[in-house]
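These notes are about the structure you will find just below.
The values are calculated or read from the model by the stated rules, or taken from the named source; none is laboratory data. Just so it is clear, the structure is predicted and the values come from calculations on it, not from any experiment. Every residue, glycine as well, gets a Cβ built from its backbone with ideal geometry; the counts of neighbours run over all protein chains shown.
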Amino acid sequence: MDSQFLPYDLALELKEMGFNKMCLTRFGTTSKKLYLATIKPISNEHDDVITGDMIAAPTYQQAIQFLAPMLKNVVGAYRIIIVQATGAYWLQKRVDGENIGISNETNEDCVRQLIKVIKLGEKY
């Protein structure tokens, strides 16, 4: 089941970008271990649940939903495609009327590429 959640480094990047949605589980910041057993949903802004040594662990779907609106602020025509057969996410850029796929072997790659596009903007 842990394959549905972002790895620690991406969860931390999303937190730094302002992600504060409720999640089903969390990471320990010291161990970087995913803790799947939780009593209630948690977010990065609930100090009673998330202490200084824990951060919320979003799913790939939560990450995509958080990042997608930020694409509107990026120069260029980007879009996120959901591959129906597999449920995988894929980032695509439209250049000179042609769709050019950005290398996305996995959902993790797609989220990493989204973060790069959003952070670098038109320089990407």
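When 68, 88, 37 are checked against the criterion of being modelled with pLDDT under 80 and not assigned by TED's automatic domain parsing to the domain that holds residue 13, a single residue qualifies: 88. Within region 1-28, residues that are touching a residue at least 24 places away in the same chain (Cβ under 8 Å) reach partners that are of a type in the set (Phe, Trp, Tyr) and in a helix (DSSP H, G or I) with beta carbons closer than 7 Å, at six or more positions or on different chains, in the pairs 4/60; 6/60; 14/66; 19/66; 21/66; 27/8.
Kindly establish whether residue 29 is modelled with pLDDT of 70 or more and either over 21 Å from residue 115 (Cβ atoms) or in contact with a strand residue (DSSP E or B) (Cβ under 7 Å, 6 or more places away or on another chain) (or both). Criteria met by residue 29. Could we say that residue 107 is in contact with a strand residue (DSSP E or B) (Cβ under 6 Å, 6 or more places away or on another chain) and at pLDDT below 70 here? Judged against the criteria, residue 107 is not a match.
For residue 49, the conditions (1) at pLDDT 80 or above; (2) over 26 Å from residue 105 (Cβ atoms) are fulfilled apart from (1).
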